[in-house]
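Here the structure is laid out as structure tokens; the discussion comes afterwards.
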Amino acid sequence: MSTDFSIRACRRDDLDAVCDIEKACYGDDALDRIALTQYLDLFAPGFLVAEHAEEVAGFVIAGATFADAPRLGWILDVAVRPSHQGRGIAPAMCRRAMDELERCEIRTVRATVAPQNERSLRTFARLGFHVVEAVEDYFGPNEKRLVVEWTSVRE
Ligand SMILES: CC(C)(COP(=O)(O)OP(=O)(O)OC[C@H]1O[C@@H](n2cnc3c(N)ncnc32)[C@H](O)[C@@H]1OP(=O)(O)O)[C@@H](O)C(=O)NCCC(=O)NCCS
């Protein structure tokens, strides 16, 4: 696993690069600049980027629900520039985001993954997530998702 990247909080001036990565990874389903800006406003410490040679190579967006109990963390989005995939960047960013959630006393973190997204499923499995639910039409018709969950061992 390469370690020639660093992980830091996303800044507003990273959002052009984040938008590019969204489009490269999700095409027509990419989140737009407005949604990404609002995610940054809402989740700042859980919105992280990986930087390689002064270029944003990937990002993760994590946040938490408001409900008192159980308070759930979510990894809402993780994406890596195609040219930088396969270097362990996504698991490293997710681990940092999970650390941030743990610091906020969140002990359960979820994410959704398309069943055919084997790379993402492997990434989450290696981080200790397991599938807890399969939901047809999660994001609308024919948008099935697997819900994956991780539980912290911290008290
Ligand atoms: C899923 C994703 C975030 C993983 O990021 P990453 O930094 O490449 O993660 P890893 O380095 O841990 O690689 C994950 C797996 O994909 C494989 N992989 C990565 N790039 C690859 C490539 N170009 N060709 C073949 N396999 C590749 C890795 O070998 C690894 O498989 P392994 O577990 O068998 O070793 C990244 O592929 C991505 O951005 N995909 C598009 C967006 C997306 O699907 N996000 C997740 C939504 S839930």
**Prompt:** In a GNM of the chain with a 10 Å cut-off on Cα contacts, which of D28, D68, D41 has the highest mean-square fluctuation?
**Reply:** D68
**Prompt:** Based on the Cα atoms of the range 6-151, what semi-axes does the equivalent ellipsoid have, where each is the square root of 5 times one gyration tensor eigenvalue, given in whole Å with the largest first?
**Reply:** 22, 18, 16
**Prompt:** Hey, got a sec? Which chymotrypsin sites (Phe, Trp or Tyr not before Pro) in the range 47-155 land in a DSSP loop and have at most 12 other Cβ atoms within 10 Å?
**Reply:** F66, F139
**Item:** Whole-Hz ³J(HN,Hα) from phi, Karplus 6.51 cos²θ - 1.76 cosθ + 1.60, for the range 44-58, glycine and proline x
**Value:** 2, x, x, 9, 10, 10, 9, 10, 9, 6, 6, 10, 6, 9, x
**Asked** So, with +1 on the Cβ of K and R and -1 on the Cβ of D and E, and no other charges, what is the size of the charge dipole of the range 6-151 about its Cα centre, to the nearest 20 debye?
**Response** 520 debye
**Prompt:** Counting each DSSP H run of 4 or more residues in the chain as -39500 (n - 2.57), what helix-only mean residue ellipticity at 222 nm follows after dividing by all residues, to the nearest 500 deg cm²/dmol?
**Reply:** -9500 deg cm²/dmol
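No lab work stands behind these numbers, since they all come straight from the coordinates. This structure is a prediction, so every number in the text was calculated from the model and none was measured. Backbone-built Cβ (ideal geometry, glycine too); neighbour counts: all protein chains shown.
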